[in-house]
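Nothing in this text is a laboratory measurement; each read-out follows from the coordinates by a stated rule. Treat the numbers as computed from the prediction; the structure is a model and nothing was measured. FYI the Cβ positions are ideal-geometry reconstructions off the backbone, even for glycines, and counts take in every protein chain you see.
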Amino acid sequence: MSSQARQSHLDPRAVTLLLLCCFLWGINQVAAKAALTEIGPLWQAGLRSVVAGLLVWLWSLWRGIRLFERDGSLGGGLLAGLLFAAEFACIFVGLQYTSASRMVVFIYLSPFVVALGMPWIAHGEKLSGKQWAGLVLAFGAVAFAFAEGFSSPSTPTQWWGDALGVLAAVLWGGTTLAIRATRLSSAPAEKTLLYQLGVSALALCAAAVLAGEALPVQWSPRLIGLFGFQAVIVTFASYLAWFWLIRHYAATKLAVFTLSTPLFGLLAGAVLLGEGISMRLVMALVALAAGIVLVSQR
């Protein structure tokens, strides 16, 4: 599908799929943080890409999708894969120094990167003044929801994890822009995802070896569950859906929906960890919904 044929308006199917992805991504940060007690960050990220990559390959075989024919996407695929690997290296290493809630806030600065960069790639995706106001309102809602956690650092090295979260956001936005600016924009979603998983699997596992990280001697049921959720549900299923959406809908309007992920993460913490839901969160959810409505207008 060409950029001219890409839908500028998000239909109910796209909105439903986006919200489901954001819900899964919100839980993912909690799962990744919890698994760090049993597996190193680089091995966790690298092996996750290995398992998800194998699943994408099997899925493509089953559906008869040609992944290895020449279509001019190799350069863009390698670039997107390296950006993807660097993004998750920053996230998983950064989670050792900062909390999952803080990390998820910094990661979702990425819609600003997409919004700023996309007009240089697709002039038809330039945001209007009203849509920019919606983007600012949506991010302000997220920042407001987590403002209580910014008052004082919990550890002396928390700034290091926060900085890696900001860098991960830039890399995530760069990955989205790389997909749209290269031949990957017309490639099957499965091929786009396999490029990123394949390159990141090699890069992250090599980095784990060079960093001297040890693999777990035994995989506990807890670790298998946490890792399986990340590899199968998040990295395979939800990312496949995300890249299909990037191919078929306007990236700037998709990106703002990802701002709901931190709030889903907070809700998951309340349900899974017994954390309370404050009036601040309710107000943030209302503001976020208003921001999304503004950005999603035709």
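Sorting 191-197, 72-78, 30-36 by their mean Cβ neighbour count within 10 Å, with the most densely packed peptide first, gives 191-197, 30-36, 72-78.
So for each of 233-240, 91-98 I average, over its residues, the number of other beta carbons within 10 Å; can you give me the resulting order with the highest mean first?
Details: 233-240: 20.2, 91-98: 22.6.
Top to bottom by mean Cβ count within 10 Å: 91-98, 233-240.
Sorting the segments 81-87, 131-137 by their residues' average number of neighbouring beta-carbon atoms within 10 angstrom, most packed first, yields 81-87, 131-137. Over the range 12-296, Cα pairs under 8 Å with separation of 6+ residues give a relative contact order of 42 percent. The spacing between the range 195-224 and the range 225-252, judged by their C-alpha centroids, is 20 Å. Full extension of the chain segment joining Q218 with R13 gains 69.6 nm, where the gain is 0.36 nm per residue of separation less the Cα-Cα distance.
Here the range 12-296 is assigned +1 on the Cβ of each Lys and Arg and -1 on the Cβ of each Asp and Glu. Its dipole about the Cα centre then comes out at about 640 debye.
Please report how far the C-alpha centroid of the range 64-110 lies from that of the range 31-62, rounded to the nearest whole angstrom. If you average the Cα positions of each part, the centres end up 13 Å apart. Less than 5 angstrom separates the built amide H of L109 from none of the residues sequence-distant by 5 or more or on a different chain. Shown in residue order for the range 34-44 are the 3J(HN,Hα) couplings computed by the Karplus curve 6.51 cos²θ - 1.76 cosθ + 1.60 at θ = phi - 60°: 5, 6, 5, 6, 10, 8, x, x, 6, 5, 4 Hz (x for Gly and Pro). Here the dipole of the range 1-92 is about 160 debye; that uses its Cα centre as origin and unit charges on the Cβ of Lys and Arg (positive) and Asp and Glu (negative).
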